[in-house]
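Novice: Dropping the structure in here first, questions after.
The values are calculated or read from the model by the stated rules, or taken from the named source; none is laboratory data. This is a predicted model, so every value here is computed, not measured. Using ideal geometry, Cβ is built from the backbone for each residue, glycine included, and neighbour counts are taken over all protein chains shown. Ligands, DNA and RNA are stripped out before the accessible areas are found, and what is left, the full protein with its side chains, is counted by its heavy atoms. Shrake-Rupley method; radii C 1.70, N 1.55, O 1.52, S 1.80 Å.
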Amino acid sequence: MRAVISPYYEATGPSQMLHRGSFVKHYDVLQRGQAIYSGLVEAGCTIETATLLDDENSECRDLILSIHDARYIDYLKNAWVNWSKIQHSSAEILPNISPNRHIAQFNEHPVALAGWYIGDAAAPIGEHTWRNALGSVSAVIEAASGLKHGESAMYALCRPSGHHACQDMAMGMCFLNNSAIAAQVLRQQFCRVAILDIDMHHGNGTQQIFYRRNDVLTVSIHGDPTHFYPFYAGFEQENGVEQGEGFNVNLPLPAGTHEVIYLDALNTAVNKILEFGAEAAIVATGFDTFKDDPLGCFELESSSYYEIGRMLKSLQLPTLFVQEGGYFVPALRENVRQLMLGFGSS
Ligand SMILES: [Zn+2]
């Protein structure tokens, strides 16, 4: 399998985030990128570094704007520079106030914009956030183009991830929705595209983006949001609206879910994708379902990813893996390797 990596896959991550009320070292550490890279190499993938696209590139700009709000993109591009002009501002932008049920008047002050466009305290914006996000998008566009031109499977190593990014809001370490942008590329070739999210956390951004569409099926297997991030979305009854009704599938699972239960849910997801008649699949690939992950609550083993890979292969569809989470660095290389070997990567 060809793997396309972001030119910034081993960039320094953000410094901190809020987790259960405390500031902790941010979990998106550069060693994640290095471990995933090693796993891909060991599984026999051919590694290519993506050519960096920016919004001067019309294809890249049009694809981003086909998913994201223009004012939000403008914010992401300029946020850090404008923030830095405020006296005594921090090195990274974090919202200290957000619009809510009772106050939601748009305001262009940098502090107000941070609250407006950043949905939680896990997505700080620093000097290189926009550059790194473009690196992820570059990798995913190049990988999706591979499928469009006849490859049977591709991997996009994106850092930062994308599945929590909504049309006009960053959250959960995500800024641009890489899987959604990939789906736009694949739709140029395939009539029906499925996005299957196997990250520990519900792919709320991807759901929001495609909630009214019937050409892209979104399926997510994740920790039950009753007790787990992102808390406000990911419930079973969220099925899509208008034309998109019936084209969003959520499969929430309880804390402690082990391989047998997980694979049963994955089997359900596979059948939904086949019923939909997908012509290509995007797998939003997270490894935070691993038993020791600091941000997870499932009990998957390294060998579970081999079984997941095998089931994904059974779809017999052109398949694009897009990197999402996975924060237990010591097992990340092996878990990537198992997934790729199960799928049959070489
Ligand atoms: Zn996750």
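Novice: Considering each of Leu52, Leu18, Leu40 in turn, give the residue that is crowded, with 19+ Cβ neighbours inside 10 Å and either in contact (Cβ under 8 Å) with a residue 40 or more places away in the chain or closer than 24 Å to Gly286 by Cβ (or both).
Specialist: Leu40
Novice: Next question, about the same structure. Quick check on the range 135-146: of everything there that is buried (at least 24 other Cβ atoms within 10 Å of the Cβ) and of a type outside the set (Gly, Ala, Ser), which residue is nearest to Phe343 (Cα to Cα)? Steps first, answer last, please.
Specialist: Start the filter on the range 135-146 by keeping residues that are buried (at least 24 other Cβ atoms within 10 Å of the Cβ), which leaves 135-141, 143-144.
Subset that is of a type outside the set (Gly, Ala, Ser): 137, 140-141.
Working: Val137: 24, Val140: 19, Ile141: 22 Å.
Among those residues, the one meeting the criterion is Val140.
Novice: Which of the residues belonging to the range 291-310 are within 15 Å of the ligand (Cβ to nearest atom) and open to solvent by 60 Å² or more (accessible area, probe 1.4 Å)?
Specialist: Correct list: Lys291, Asp292.
Novice: Another question about this same structure. Looking at the range 185-207, which of its residues are away from the ligand (no atom under 16 Å from the Cβ), open to solvent by 10 Å² or more (accessible area, probe 1.4 Å) and assigned to a helix (DSSP H, G or I)? Explain how you work it out, then say what you get.
Specialist: So in the range 185-207, the residues away from the ligand (no atom under 16 Å from the Cβ) come out as 185-194.
When the remaining residues are screened for being open to solvent by 10 Å² or more (accessible area, probe 1.4 Å), the result is 187-192.
Once the filter is applied, which keeps residues that are away from the ligand (no atom under 16 Å from the Cβ), open to solvent by 10 Å² or more (accessible area, probe 1.4 Å) and assigned to a helix (DSSP H, G or I), the range 185-207 yields only Arg187.
Novice: Would you mind telling me which numbered condition in (1) in a helix (DSSP H, G or I); (2) in contact with a Leu (Cβ under 9 Å, 6 or more places away or on another chain) Ala180 fails?
Specialist: Condition not satisfied by Ala180: (2).
Novice: Restricting the search to the range 55-88, which residues are open to solvent by 40 Å² or more (accessible area, probe 1.4 Å) and part of a loop (DSSP other than H, G, I, E, B)?
Specialist: Matches in the range 55-88: Glu56, Asn57, Asp69, Lys85, Ile86, Gln87, His88.
Novice: Please specify each residue of the range 318-346 satisfying the condition of being of a type in the set (Val, Ile, Thr) and open to solvent by 10 Å² or more (accessible area, probe 1.4 Å).
Specialist: Answer for the range 318-346, where residues must be of a type in the set (Val, Ile, Thr) and open to solvent by 10 Å² or more (accessible area, probe 1.4 Å): just Val329.
Novice: Quickly run through the range 220-278 and pick out the residues that are closer than 24 Å to Phe190 by Cβ, open to solvent by 10 Å² or more (accessible area, probe 1.4 Å) and within 16 Å of the ligand (Cβ to nearest atom).
Specialist: Leu251
Novice: Additional query: Output the number of residues of the range 126-159 satisfying the condition of being farther than 15 Å from Ala170 by Cα, of a type in the set (Ser, Thr, Tyr), in contact (Cβ under 8 Å) with a residue 60 or more places away in the chain and outside any loop (DSSP other than H, G, I, E, B).
Specialist: Residues that pass the stated criteria total 2.
Novice: When the residues of the range 311-325 are filtered to those that are aliphatic (A, V, I, L, M) and more than 16 Å from the ligand (Cβ to nearest atom), which remaining residue is farthest from Glu279 (Cα to Cα)? I'd like the intermediate steps shown before the answer.
Specialist: Residues of the range 311-325 that are aliphatic (A, V, I, L, M), as a first pass: 311-312, 315, 317, 320, 322.
Narrowing further to those that are more than 16 Å from the ligand (Cβ to nearest atom): 311-312, 315, 317, 320.
Details: Met311: 17, Leu312: 14, Leu315: 10, Leu317: 6, Leu320: 12 Å.
Only one residue tops the list, namely Met311.
Novice: In addition: Which numbered condition trips up His102, out of (1) touching a residue at least 24 places away in the same chain (Cβ under 8 Å); (2) out of contact with any helix residue (DSSP H, G or I) (no Cβ under 6 Å at 6 or more places or on another chain); (3) outside any helix (DSSP H, G or I)?
Specialist: Failing condition for His102: (1).
Novice: Turning to a different aspect of this structure: Look at the range 159-184 and say how many of its residues are buried (at least 24 other Cβ atoms within 10 Å of the Cβ) and over 21 Å from Tyr117 (Cα atoms).
Specialist: 2
Novice: From Ala278, Ala233, Ala255, which residue is part of a loop (DSSP other than H, G, I, E, B), of a type outside the set (Asp, Glu) and in contact with a Lys or Arg (Cβ under 6 Å, 6 or more places away or on another chain)? Walk me through it before giving the result.
Specialist: On the way: Ala233 fails: in contact with a Lys or Arg (Cβ under 6 Å, 6 or more places away or on another chain); Ala255 fails: in contact with a Lys or Arg (Cβ under 6 Å, 6 or more places away or on another chain).
None of the other options fit; the residue is Ala278.
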